[in-house]
Amino acid sequence: MPAEQHSITSGASRGRYINTGNGPVLQPIDINHPDYAALIDPDSAFWSLILKQEMGTVFDQKSSFLKQYLRKRNQFLEEMKALRFNALPQAVYFNPTERCNLNCSYCYLPEEQRSSGSHMSKRQLLKALDHLKTYFSRTLPKGLNPLIVFHGAEPMLVRDAMFEGIDAFKDYFRFGIQTNGTLLDDEAIEFIKTRNVGLGLSLDGHIGTVADRTRKTWSGDSVFKKVVDVLEKMAGYDNYNVICTATAENMSALPRVVDFLHALEVPVAMLNPVRCTRQGARDIKPLDHELSRYYLRALDRTQELFQKTNRKLVIANFANILIAIIAPAARVLMCDISPCGGGRCFFAVAANGDMFPCSEFLGVPEFKGGNLFRNKIDDVLTSDAFCKVTTRKVEDIEPCSHCAIRHFCGSPCPAEAYEMNGGMDKIGAFCELYEEQVRYAMRLIADEKTDAYLWDGWDQNTKKSLDLTTLSL
């Protein structure tokens, strides 16, 4: 039988129409806007906002909208594929100690590690950074400086070794420190500022009675005032942010947290829903729909404060979702994509040199891929432990596989899905929260109010692929 005849009689659709056969899928989504609905291609992450009364005209085969979209669809698919599967690691979450001077109720690290775990010596820390420099010098283009984030437990417990490492490798790496802030004295703050080290501080409330519900010392003492003192000293420094972990204990205070941080001139904050990898976190997990209500109010408050003062407080994790919609390749944080950034865009190094796809897996031994001092990094990145994370795709997860916004949230987080819900093919903890953030973002786009929510200059290296402003036939 001739090949052409065989193809005709095989029964396969030519994909000429939307939403049938082999044709592309365009799903209409209600974004709770009075005038607009969204139309989304879940495979390519293409979207458009359509006036509700004109939605039916989109599917006319003669419409200019449909013709332009179909001409660009393969390009969009290739761009999404490259973003999801072609990335190289450019960052390391470096955990130089297992110990912490605090006993936060939701910590993802086991209590025995935090209370009596090991430290990395100065010699080991410098050796580890040298190994990482050798690896990145081979894999990344010249001039692209990888990022080392000293993470925890509490990295300031090995301050001297960490600061020596920063000075020794400052010409090659960019550095950040994620800390609870309680061990930052004036000398340490001066070091951080003069080296332009990124600083992340943790604070879970606008007043001590809220923040202390989840963050306190091993003896139960408050650390709120100490952290606020540090925040006041950081005023005017652009390269820092505050992470507020949102739980059932503080979710109703999130709008007031925004007021508090804005008054302290904090440039960037993250309102992170608690990662439910351990039971302590699951005990204070808020319900999705309840957290969403307060979360969106907090986002509203950032807009109100910007209008009043012309000064932004960017909520980075929401901004990342907004950018994922506007310009997917420009997103900064790699948790909200599938596969997530763990083991692909970054990896984690423990205090003994063990390597994990992400710091969230440090307390889960089966995700150890090898050791920085004993194994080749390339071999670790392709280990079975890492591949469990790097091959986790949203298309294999229910109900995500048929969700229109699956490439705007990525069904996070694999550690959470594994520890809380029993498998890498399971969802995480906050599906509805991500859904409501996407709807909120779409409303902002429809009303042209995105500026207050994004970093200045976020789009310097982006370009417009397709500009559809008409539904004409």
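The values are calculated or read from the model by the stated rules, or taken from the named source; none is laboratory data. Computed from a predicted model, the values in this text were never measured in an experiment. Don't worry about glycine lacking a Cβ; one is built from the backbone with ideal geometry, like all the others, and counts go over all protein chains shown. The area values use the complete protein model at the heavy-atom level, side chains included, leaving out ligands, DNA and RNA. Shrake-Rupley method; radii C 1.70, N 1.55, O 1.52, S 1.80 Å.
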Note down the nm distance, to one decimal, between modelled labels 7 Å out along Cα→Cβ at Asp160 and at Lys193. 2.5 nm
Taking θ as phi - 60°, what are the ³J(HN,Hα) couplings along the stretch 259-265 by the Karplus curve (6.51, -1.76, 1.60), each to the nearest whole Hz, with x for Gly and Pro? 4, 5, 5, 5, 5, 7, 6
Considering amide H positions built from the backbone, and no H for Pro or chain starts, which residues 5 or more places from Phe94, or on another chain, come under 5 Å of its amide H? Val149, Phe150, His151, Val349
At 1.4 Å probe size, put Glu78, Glu436 in order of accessible surface, largest to smallest. Glu78, Glu436
With DNA, RNA and ligands ignored, accessible area of Lys376 (1.4 Å probe; Å², nearest 10): 140 Å²
Amide H contacts under 5 Å for Cys413, placed H, 5+ residues apart: Gly428, Ala429
Return the subset of Lys52/Lys393; Lys52/Lys449; Lys216/Lys426 for which the Cα-Cα distance in this structure is over 27 Å, preserving the input order. Lys52/Lys393; Lys216/Lys426
Compute the distance from the alpha-carbon center of the stretch 145-175 to that of the stretch 296-319, in whole Å. 31 Å
Quick check: net charge around Pro110, other residues with Cβ under 10 Å of its Cβ, Lys/Arg +1 and Asp/Glu -1? -1
May I ask for the net charge around Ile284, where only other residues with Cβ less than 9 Å from the Cβ of Ile284 are counted and Lys, Arg are +1 while Asp, Glu are -1? +1
What distance in nm lies between label points placed 7 Å from Cα along the C-beta direction at Asp130 and Asp221? 4.0 nm
How big is the gap, in Å, between the Cα center of the stretch 62-79 and the Cα center of the stretch 178-215? 47 Å
Determine the percent antiparallel among the DSSP beta bridges restricted to the stretch 201-355, to the nearest 5. 10 percent
Average the reciprocal distances over every distinct pair of alpha-carbons in the chain, invert the result, and give the Kirkwood radius in Å. 23.7 Å
Hz values of 3J(HN,Hα) by residue in the stretch 407-419 - Karplus curve (6.51, -1.76, 1.60), Gly and Pro given as x: 8, 9, 10, x, 6, x, 10, x, 5, 5, 4, 5, 7
Quick one: which residues, 5+ away or cross-chain, put their amide H under 5 Å from the amide H of Ile315? H built at 1.01 Å from N. Ala269
Using only the heavy atoms of the protein chains and a 1.4 Å probe, how would Ser219, Ser64, Ser338 rank by accessible area, largest first? Ser219, Ser64, Ser338
For the stretch 35-49, what does the Karplus curve 6.51 cos²θ - 1.76 cosθ + 1.60, with θ = phi - 60°, yield as ³J(HN,Hα) per residue in whole Hz, taken in order and with x for Gly and Pro? 10, 10, 10, 9, 10, 10, 8, x, 6, 9, 6, 5, 8, 8, 9
Nearest-5 percent of antiparallel DSSP beta bridges in the chain? 35 percent
Loop sites in the stretch 323-384: chymotrypsin sites (Phe, Trp or Tyr not before Pro), DSSP, at most 16 other Cβ within 10 Å: Phe373
Scoring only Lys, Arg, Asp and Glu (+1, +1, -1, -1) among other residues with Cβ under 14 Å from the Cβ of Tyr237 yields -2
Just to make sure I understand: if all protein chains stay in place, what is the order of Thr57, Thr247 by accessible area at 1.4 Å, largest first? Thr57, Thr247
As I understand it, the value is the acute angle between the Cα axis of helix 159-169 and the longest principal axis of the Cα atoms of the chain; what does it come to in degrees, rounded to 10? 60 degrees
Give me the accessible area of Glu304, 1.4 Å probe, in Å² rounded to the nearest 10. 90 Å²
For Lys122 and Asp30, compute 0.36 nm times the residue count separating them, minus their Cα-Cα distance, and round to one decimal in nm. 27.6 nm
Theoretical gain in end-to-end length, Gln75 to Arg311 [0.36 nm per residue, Cα-Cα removed]: 81.2 nm
Place a +1 charge on the Cβ of each Lys and Arg in the chain and a -1 charge on the Cβ of each Asp and Glu, then give the dipole magnitude about the Cα centre in debye, rounded to the nearest 20. 880 debye
How many nm is it between the label spots at Asp300 and Asp451, if each spot is 7 Å from the Cα in line with the beta carbon? 2.3 nm
Considering only DSSP beta bridges where both residues belong to the stretch 139-248, give the percentage that are antiparallel (nearest 5). 0 percent
Taking a cut-off of 20 Å between Cα atoms, list the lysines near Lys122, but don't count ones fewer than 8 places away on the same chain. Lys133, Lys170
Between the stretch 101-123 and the stretch 422-452, what is the separation of their alpha carbon centroids in Å? 32 Å
Dimensions of the stretch 282-353 along principal axes (Cα, Å, largest first)? 48, 35, 25
